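The values are calculated or read from the model by the stated rules, or taken from the named source; none is laboratory data. The structure presented is a predicted model; accordingly, all values stated were derived computationally and were not measured. When we count neighbours, we look across all protein chains shown, and the Cβ atoms used for this are built from the backbone with ideal geometry, even at glycine. These accessible areas exclude ligands, DNA and RNA; they are computed on the full protein's heavy atoms, side chains included. Shrake-Rupley method; radii C 1.70, N 1.55, O 1.52, S 1.80 Å.
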Amino acid sequence: MTLRAAIVGLGGVYPMHAYSLAAIGVPVAAVCDKIPKRAEEAARLTGERAFTDYKEMLKQGGFDVLHICLPHFLHTPAAVGAIQAGYHVLCEKPMATTVADAEKMIKTAQDNNKTLGVIFQNRYNPGSRLIKEMVDTGALGVITGGWLRVTWHRGSDYYTRSDWRGKWATEGGGVLINQSIHTFDLMNYFLGDPFRVDANIANRAHPEIEVEDMAEGMIFYGENGTIPVSFFVNTYHPYDAPVGLEIVGTKGRAVLSGEDATVTLNDGTLRTAGADTEAQRKFSIKDYWGVSHVKQIAAYYESLRKGEPPEITGASALVTQRLVNGIYDAAKEGKST
């Protein structure tokens, strides 16, 4: 089956989608951005059709899948419009800014028999796969707790050079829904649906924005919320430190530092996983982030060809959407949710 793609939003993450599609042999039929120069330059380099209005691009067609790389608040209208027009959708994280919008995307896809995928590429890292295996097979024993930490740096210029970042209405939040959402998604991937959360958020170092640059609290996993996971995330660290995550069980523990996973069992067994060097060579990419984009996008298109749902569906991504929005609700209301 020959499938063709279109991409809307030609900002920072666009190159990863464009490269991934080229690497797996999926032609891009059209690109769209509200900035005419950006759209024209992208089209000129690759021979794609250029648009400044995605609705017009949907009308003209000539593709099967719309890749959404837009600002967060535009994910839902673009996805709903594309699905209703007869296209499959692959949307960058976060899926939406609210749970209601995410649910609207899922229902629209179900009602129109179209496939909705959401990018959480870190699930495809070898380290993530190893930890998932150790949890699912029971190798770690009964899970008793864990923690996650994301301490990165975002300067004032990161927010001021954009008209949508740092605002509740358009970004949907700050460090939670943007920089650290991948790590929260990984914890959900490992441990399942959260039971409840207890959290605080604050803006400590970025007076130019409305949203939080720090969040801390507890997520309780397990059927009755018996697995406590603490978290601390911010964007005022001096540099982008490696993401950290740990899961502790009665038979051992698993630690993720950046892309490197180390599993230490009580019986002395040690297992590790790091960068996917084979995929890096295959796709000529040195950055593991890009490699995992290629892997997820390739898997998405393979699922379309087989007529099967992708590994990361809208319903799967909704778990993380609910967690992030639940943390915001708990912090703002001052109670567990």
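Which whole-number percentage describes the relative contact order of the chain, with Cα contacts under 8 Å and a sequence gap of 6 or more?
This gives 20 percent for the chain.
What order do you get for 149-161, 189-201 when each peptide is scored by the mean count of other beta carbon atoms within 10 Å, highest first? Before the final figure, lay out each step's value.
Details: 149-161: 16.2, 189-201: 18.1.
Most protected by this proxy first, the peptides run 189-201, 149-161.
With each label point set 7 Å from Cα along the Cα-Cβ vector, what nm distance links Lys59 and Thr2?
Going from the Lys59 label point to the Thr2 one covers 2.7 nm.
For Lys107, list the lysines whose Cα falls under 26 Å from its own Cα; do not include residues on the same chain fewer than 8 positions away.
Lys55, Lys59, Lys93, Lys306
Compare Lys132, Lys34 by solvent-accessible area with a 1.4 Å probe and give them largest first, with all protein chains kept in place.
The most accessible residue leads, giving Lys34, Lys132.
Determine the order of Glu223, Glu48, Glu103 by accessible area, beginning with the largest, at a probe radius of 1.4 Å.
Highest to lowest solvent-accessible surface, that is Glu223, Glu103, Glu48.
I want to check the label-to-label distance for Phe195 and Thr144. Put each point 7 Å from Cα in the C-beta direction and report it in nm to one decimal.
For the pair Phe195/Thr144, the computed spacing is 1.6 nm.
From the phi of every residue in segment 78-92, what ³J(HN,Hα) in whole Hz does the Karplus formula 6.51 cos²θ - 1.76 cosθ + 1.60 yield, where θ is phi - 60° and glycine or proline is x?
Computed from phi, the couplings for segment 78-92 are 5, 5, 4, x, 5, 5, 5, 7, x, 10, 6, 9, 10, 10, 5 Hz.
Please report the equivalent ellipsoid semi-axes of segment 22-146, computed as sqrt(5 x eigenvalue) of the Cα gyration tensor, largest first, in whole Å. Present the calculation step by step, with values, prior to reporting the outcome.
Working: eigenvalues 222, 69, 36 Å².
Equivalent-ellipsoid dimensions as semi-axes: 33, 19, 13 Å.
Pop a pseudo-label 7 angstrom from the Cα along the beta-carbon direction at both Thr226 and Lys37 and give the gap in nm to one decimal.
Computed distance between label sites Thr226 and Lys37 equals 6.1 nm.
Output wanted: per-residue J couplings in Hz (rounded whole) for segment 44-53, from phi through Karplus 6.51 cos²θ - 1.76 cosθ + 1.60, θ = phi - 60°, x for Gly and Pro.
Result, rounded to whole Hz: 5, 6, 10, x, 7, 7, 10, 9, 10, 10.
Could you give me the ³J(HN,Hα) list for segment 21-32, computed from phi with Karplus coefficients 6.51, -1.76, 1.60 and θ = phi - 60°, whole Hz, x at Gly and Pro?
5, 5, 5, 9, x, 9, x, 9, 8, 7, 10, 9
Assuming 0.36 nm per residue, please report the length gained on full extension of the stretch Ile24 to Arg271 beyond their Cα-Cα distance.
85.8 nm
Starting from the Cα-Cα distance between Ala299 and Lys104, subtract it from 0.36 nm times their residue separation and give me the gain in nm to one decimal.
67.8 nm
Restricting to Cα pairs below 8 Å that are 6+ residues apart, what does the relative contact order work out to for segment 1-156? Please round to a whole percent.
17
Which value in deg cm²/dmol, rounded to the nearest 500, describes the helix-derived mean residue ellipticity at 222 nm for the chain, given -39,500 (n - 2.57) per DSSP H run of n ≥ 4 and division by the residue count?
That calculation yields -11500 deg cm²/dmol at 222 nm.
Where does each of Asp101, Asp111 land when they are ordered by accessible area, with a 1.4 Å probe and the largest first?
Accessible-area ranking of Asp101, Asp111, largest first: Asp111, Asp101.
Set the Förster distance to 51 Å, then compute FRET efficiency between Thr52 and Glu133 from the Cβ-Cβ distance, nearest 0.05. Intermediate results must be reported in sequence, preceding the final value.
Details: r = 46 Å, r/R0 = 0.90.
Efficiency, from the Cβ-Cβ distance: 0.65.
Largest first and in whole Å, give the semi-axes of segment 215-314's equivalent ellipsoid, each being the square root of 5 times a Cα gyration tensor eigenvalue.
28, 20, 18
Which whole-number percentage describes the relative contact order of segment 173-233, with Cα contacts under 8 Å and a sequence gap of 6 or more? Each step should come with its number before you reach the end.
Numbers: 100 pairs, mean separation 20.4, N = 61.
Relative contact order here is 34 percent.
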